[in-house]
Amino acid sequence: MKKLFIGGLPFATRDEELREVFSQAGTPASATVIFDRATGRSKGFGFVEFENDAEADRAIEMFDGTDLGGRKIIVNEARPMEDRPRRDSRPSYGAGNRGGYNR
């Protein structure tokens with residue numbers, strides 16, 4: 001299984017459209033556009049997985065640098081997600097920030 005990163009997607013792109021486009025290179029096992037949880041808007045990138053590595057390689061060759069919905073997309077093999085520090089659930093306003101007022 002090979003997972004591809006797809007960057008520069010038009011914000012209107014949905015999973016079904018991504019799968020349909022990439023099916024020209026083979027049979028995608030999955031196609032997912034990433035959305036911001038807070039706003040519900042697309043982040044402009046997604047992932048497509050292929051069971052067959054040759055089909056994934058063909059998708060990179062076919063689509064990297066091409067136009068999709070008026071935007072030039074980037075297609076390459078996805079890198080593993082790096083560990084990120086855990087986010088505190090409380091809002092952070094900066095150390096010592098007093099709302100712009102000094103005491």
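The values are calculated or read from the model by the stated rules, or taken from the named source; none is laboratory data. Computed from a prediction, not measured in an experiment: that's the story for all the values here. Because the Cβ atoms are built from the backbone with ideal geometry, glycine has one as well, and the counts that use them run over all protein chains shown. What goes into the accessible areas is simple: the full protein's heavy atoms, side chains included, and nothing from ligands, DNA or RNA. Shrake-Rupley method; radii C 1.70, N 1.55, O 1.52, S 1.80 Å.
Name the residues in segment 38-69 that are within 16 Å of LEU18 (Cα to Cα) and among the aliphatic types (A, V, I, L, M), would you?
Once the filter is applied, which keeps residues that are within 16 Å of LEU18 (Cα to Cα) and among the aliphatic types (A, V, I, L, M), segment 38-69 yields VAL48, ALA56, ALA59, ILE60, MET62, LEU68.
Within the bounds of segment 48-57, is there any residue that is more than 15 Å from the chain's Cα centre (by Cα), among the aromatic types (Phe, Trp, Tyr) and surrounded by 13 or more Cβ atoms within 10 Å (Cβ to Cβ)?
yes
Looking only at segment 58-68, count how many residues are assigned to a loop (DSSP other than H, G, I, E, B) and either open to solvent by less than 70 Å² (accessible area, probe 1.4 Å) or among the hydroxyl-bearing types (Ser, Thr, Tyr) (or both).
Residues meeting the conditions: 2.
For LYS43, only one of the following conditions fails: (1) among the basic types (Lys, Arg); (2) touching a residue at least 24 places away in the same chain (Cβ under 8 Å); (3) part of a strand (DSSP E or B). What is its number?
So LYS43 meets the others, but not (2).
Looking at (1) open to solvent by 90 Å² or more (accessible area, probe 1.4 Å); (2) in a helix (DSSP H, G or I); (3) among the hydrophobic types (A, V, I, L, M, F, W, C), can you tell me which one ALA38 breaks?
Going through the list (1) open to solvent by 90 Å² or more (accessible area, probe 1.4 Å); (2) in a helix (DSSP H, G or I); (3) among the hydrophobic types (A, V, I, L, M, F, W, C), ALA38 breaks only (2).
Of the residues LEU9, LEU4, only one is open to solvent by less than 10 Å² (accessible area, probe 1.4 Å) and part of a strand (DSSP E or B); which?
Unique residue meeting the criteria: LEU4.
Per-residue answers, yes or no, for (1) of a type outside the set (Phe, Trp, Tyr); (2) within 15 Å of the chain's Cα centre (by Cα):
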| position | (1), (2) |
| --- | --- |
| LEU4 | yes, yes |
| GLY7 | yes, yes |
| SER23 | yes, no |
| PHE35 | no, yes |
